[in-house]
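Right, one structure below, let's go through it.
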Amino acid sequence: MTVGMKYQKIIKYLITAVCTQPLHIGSASGDKEEVLVHLVDGMPFIQAASLSGVMRQYYAKTHGEKASEKLFGAKHFETNENAYNKASKVCFSDGRFSNENVMMELRPRVKIDLRTETCDTNNIKGTNRQAGHKFNMEYIGAGEEFQFCIYLYDENFQGDLKEILSAVHQEEVQFGGQKSNGCGFIKLKQLKRKIFDMKDQKDREKWIDEEKLEDNEYEDIFSEIVSNIKVSEKAVMAYEVIVTGSTEGELLVKSIGVPEYGKDAPDSMNIQNAVKEYIVPGSSLKGAVRSQMEKIASYIGNVSVIDDTFGSTGNLGDEGKTGNIVFYDTVVGNKEDNDRMRVKSRIHIDKFTGGVMYGGLFNEKNVSGNLMFHIAIYDRNNPNSTCGLLLMALRDMAVGIMSVGSGYSVGKGIINVERIDISDYRKKEKAAIVFENEKGIITDEYNIISDCIKAVQSNYAKEENK
């Protein structure tokens, strides 16, 4: 029975994971705005190829491409007697969400023309008309759970697979798109294992109906994943920046729709996440910070750090570049307090007559309260320069030069920054800037801040010498 067998055991991992941030898996229709849904039941799901690809990429980065080929298989190989040695030792199932009514979010986005800092436009094909680049992006909400299976055909790789799953649980890898906007992080909630011995008649019978096995047939090994985590040590992260503060007045990042009805309903209100918390999306924070970083980089003559930080689109003969920074969603204030926020009326003024424009009366419902911005910088593309330029932009936020959201001209979006904390994961040390009485008190015993500022200046000097 065992003559010619390429493997003698099949190890099945049954995994339940939860989205800790919004998730965007692109639609099969090619529409980048919609999430992928199953053709049969119309439910959002994560393709097995996406799960496998992300984990393979992480493993290749930490162990090298040759080691990755041993576990995930060679990308190209000829069929011969050694084909098994180059075939994948691991197989993934699709990720299926457990909630029949998956929480979805639809967020407004806009593509910015970097030269004018206004909404980008292009010509509609076959006409002389122009269309703006405003669009809506669909996400699966944070907190949604999904299940998937991994089948391992070589027991010698159990430790490697646990290492990968540990990295996923520690949020060192991201799934799907919109990564720089903080999307695609997940944590494991449950991990179970069943080993099928193909030399055992009972195990072979169980393997035939493995999808029907009861939970008590599986061994709970979640604790093994948790114990594999090295505290305060993230292999791919260089810096983590936390900005703690509050809104000076009110803040408004407009949503695409208002869920309220009636004469007192506002025309616009702040965007909410899937659980109805009022937020500053990672994309909005990124847009505001990027704009300020570009101004500073242009002023000091160090524009190359912008491509290092935010990445660049590939052109003919150029594969482009992946950025090294991630901005997370930020919850603003207390939900109950913001629910009770008063609706305010405003008017559009005709700049020629000085009078109110016809139909120019509109209402807004703003938000306010404490907030904590979370920004991560990965260990690629000169992370020191990125961190240095980021701190310069955040300093401008602290003194009121930079705002978040709309309405800066009427005093909205100004942030009272209390402190900026910087964690250096390579030095395993921390630094901080505490703002008191309009002055910043810098704690930088290990020269984290000074080294990052010097890195920006050093790159500037290199560009001047070219």
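The values are calculated or read from the model by the stated rules, or taken from the named source; none is laboratory data. Only a predicted model underlies this, so the values are computations on that prediction, with no experimental measurement involved. All Cβ positions, even for glycine, are placed from backbone atoms using ideal geometry, and neighbour counts span all protein chains on display. Remember, those area values only see protein heavy atoms, side chains included, never the ligands or the DNA or RNA. Shrake-Rupley method; radii C 1.70, N 1.55, O 1.52, S 1.80 Å.
Considering amide H positions built from the backbone, and no H for Pro or chain starts, which residues 5 or more places from Gly249, or on another chain, come under 5 Å of its amide H? Residues meeting the criterion, in which the H sits 1.01 Å from N, are Gly413, Ile414.
Report the calculated FRET efficiency for Asp220 and Arg96 (r = Cβ-Cβ distance, R0 = 22 Å), to the nearest 0.05. Working from the Cβ atoms, E equals 0.60. Once backbone amide H atoms are built at 1.01 Å from N, Gly73 has Lys89 as its partners under 5 Å, excluding neighbours fewer than 5 places away on the same chain.
Rounded to the nearest 10 Å², what accessible area does Lys412 have for a 1.4 Å probe in the complete protein model? Estimated to the nearest 10 Å², Lys412 gives 10 Å². Rolled with a 1.4 Å probe across the full set of protein chains, the surface gives Met372 an accessible area near 110 Å².
Between beta-carbons, use under 9 Å as the cut-off and find the net charge around Tyr13, counting Lys and Arg +1, Asp and Glu -1. Let's see the in-between values first.
On the way: positive: Lys12, Lys192, Arg193, Lys194; negative: none.
Value of the local net charge: +4.
Longer than 31 Å from Cα to Cα, which of Lys187/Lys427; Lys276/Lys427; Lys134/Lys412; Lys295/Lys344; Lys321/Lys428; Lys254/Lys428 are they? Say none if no pair is.
Lys276/Lys427; Lys295/Lys344; Lys254/Lys428
Rounded to the nearest whole Hz, the Karplus-based 3J(HN,Hα) values (6.51 cos²θ - 1.76 cosθ + 1.60, θ = phi - 60°) of segment 373-385 follow the sequence 7, 10, 10, 10, 10, 8, 7, 7, 6, 6, x, 5, 5, with x at glycine and proline. Going 7 Å from the Cα of Asp379 in the Cα-to-Cβ direction, what parts of segment 167-190 have a backbone nitrogen less than 17 Å from that spot? Hits in segment 167-190 for Asp379 at 17 Å: 167-168, 170-174.
Label separation (Phe135 vs Lys427): 4.1 nm, computed from points 7 Å beyond Cα along the C-beta direction.
Of the residues Thr244, Thr443, Thr386, ranked by 1.4 Å probe accessible area with the largest first, the sequence reads Thr443, Thr244, Thr386. On the basis of the beta-carbon distance and an R0 of 35 Å, Lys295 and Tyr358 show a calculated FRET efficiency of 0.40.
Taking 0.36 nm per intervening residue step and subtracting the Cα-Cα distance, what contour gain separates Asn416 from Arg340 on full extension?
Values: separation 76, 0.36 × 76 = 27.36 nm, distance 2.21 nm.
Between Asn416 and Arg340, full extension yields an extra 25.1 nm.
How do Lys70, Lys86, Lys192 stack up against each other in accessible area, from largest to smallest, with a 1.4 angstrom probe?
On the way: Lys70 125, Lys86 105, Lys192 25 Å².
Sorted by accessible area, descending: Lys70, Lys86, Lys192.
Pairs with C-alpha atoms separated by more than 24 Å, drawn from the list Lys9/Lys86; Lys66/Lys179; Lys86/Lys189, are Lys66/Lys179; Lys86/Lys189.
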